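Some notes on the structure that comes next.
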Amino acid sequence: MDSIEKKTSRDEAPETNDGNQESASPEYVEGLPLVCIIIGLTLAVFCLSLDRTILATAVPKITTEFNSLNDVAWYGSSYLLTTCFFQLMFGKLYAEFRVTWVFLAALAFFELGTIVCAAAPNSVALIIGRAISGIGCAGLLSGTFIIIAHSFPVHKRPIYTGMIRSMAGVAEIIAPTLGASCRRGAQVAQVHRRTPQQYGPYWHCPADAHHGLPTTGSLMGWYNVRVEQLAHHPLPVPIWCPLPRVAGHPVLSGRRRGMVFMLGVNGAVFVIVYYVSIWFQVVKDTTAEQSGINFSTSSTAVSVSSILSGVLTTKFGYWVPQMIFSTIVTSISSGLIFRYEVETTTAYWAGTLLMFGFGAGMGMQMPLAAIQTVLKGADVSLGTSSLILSQTLAGSIFLSVAQSLFQSRLLVELAAQAPQVDA
């Protein structure tokens, strides 16, 4: 990915897990089985995206009912923590075992977690259910793109990746309505910042770090002793543990730019989705359903541009120009969104959200398309899992950072603009 290089051999044979090269003309799935694979992967991406975004537009109502503004980041990040933890493990499983069975096992975890969440009698059970769903999400996300790599020739992978990835935008359009319906039909349990100790330090350390990020600068000062200890001790532990064995892997060497790109773009998407929804409902005084309809401008643009970028990559064989374009457009539109005010017109917010969605969609799946092109065999599993890890980690990190900045700025502005209000 360091240079813009067109793939010269488009139907290059993939390697099998045992490292043996297949025939020069591999037989890919065709006909009805291919249609079934596309439908199955499309539904999997749709369900995963729906599960991750369904609470976004319900967050303002939840924080109002439970007076839990400090927990905003947890609503989006608790689900992402276990997804991050198990991402590389599933990459190894896909490389060592049959892809179909690993994918079905991940699906079973996801469905089990969903059932636990639906039947949760209290917040602890809901946390456990979300954690189980996150385990399944880790396997389904990477498995989807690994199956694409095994099912389509090289020159067709980008367009199918874009088509399947576009379902994430459709899920973001439908999620607000479903979230509002669930909120009306059932009592929403508050998710407390509580981590079961029996899961050990591998869970405990990142959870503590995640707990500390939203509170720094708002509930606690930046120089508070607890914040300083957090910064010096637990945060590097989950990064340090796998570093010697993972960072030096030849698959990851030279691919770090794609991981950084995924981290930045998806971090921006998570923050915009959550906090623009808050802006619509708090500042513009809209309902959750109307907020979702308003944000569908961006979601539709993501779906369209995802397909367009896949078509362009398939036709011309280059992916770096789309990534550069995505970086420029997403950065500009994010700056314009930052200027939202009470008097912001419909034309302004609709135009900026359309611009943001189009820019993000053009580049989000390009690193995945590149990995599927330049890597072969078992290396595709590890490379794909590494990119999905970066994508998922972006939501957990940037939502916490955004909440800390939001709360700090909110306290300053309340003191200046409304000193009579008890912050």
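Quick grid of which residues meet (1) surrounded by fewer than 18 Cβ atoms within 10 Å (Cβ to Cβ); (2) closer than 26 Å to residue 92 by Cβ; (3) at pLDDT 85 or above:
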residue: 232; (1), (2), (3): yes, no, no
residue: 253; (1), (2), (3): yes, yes, no
residue: 257; (1), (2), (3): yes, yes, no
residue: 262; (1), (2), (3): no, yes, no
residue: 316; (1), (2), (3): yes, no, no
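Here are 327, 344: which of them is closer than 20 Å to residue 168 by Cα and among the β-branched types (Val, Ile, Thr)? Full working, then the answer.
Values: 344 fails: closer than 20 Å to residue 168 by Cα.
Only one candidate qualifies: 327.
Within segment 97-149, the set of residues being closer than 20 Å to residue 37 by Cβ and exposed (fewer than 15 other Cβ atoms within 10 Å of the Cβ) comprises 97, 98, 100, 101, 104, 108, 111.
One residue alone among 385, 305 is surrounded by 24 or more Cβ atoms within 10 Å (Cβ to Cβ) and free of Cβ contacts under 8 Å to residues at least 60 places away in the same chain, and that residue is 305. Considering 390, 408, the condition of being hydroxyl-bearing (Ser, Thr, Tyr), in contact with a helix residue (DSSP H, G or I) (Cβ under 9 Å, 6 or more places away or on another chain) and touching a residue at least 40 places away in the same chain (Cβ under 8 Å) is satisfied by 390 alone.
Residues 418, 423, 402, 369: which one is under 19 Å from the mean Cα position of the chain (by Cα) and modelled with pLDDT under 80? Outline the logic, then answer.
Details: 418 fails: under 19 Å from the mean Cα position of the chain (by Cα); 423 fails: under 19 Å from the mean Cα position of the chain (by Cα); 402 fails: modelled with pLDDT under 80.
Just a single option satisfies the conditions, and that option is 369.
Residue 150 meets all of the listed conditions (1) at pLDDT below 75; (2) closer than 21 Å to residue 376 by Cβ but one, namely (1).
The values are calculated or read from the model by the stated rules, or taken from the named source; none is laboratory data. Treat the numbers as computed from the prediction; the structure is a model and nothing was measured. Every residue, glycine among them, receives a Cβ derived from its backbone with ideal geometry; neighbour counts consider all protein chains shown.
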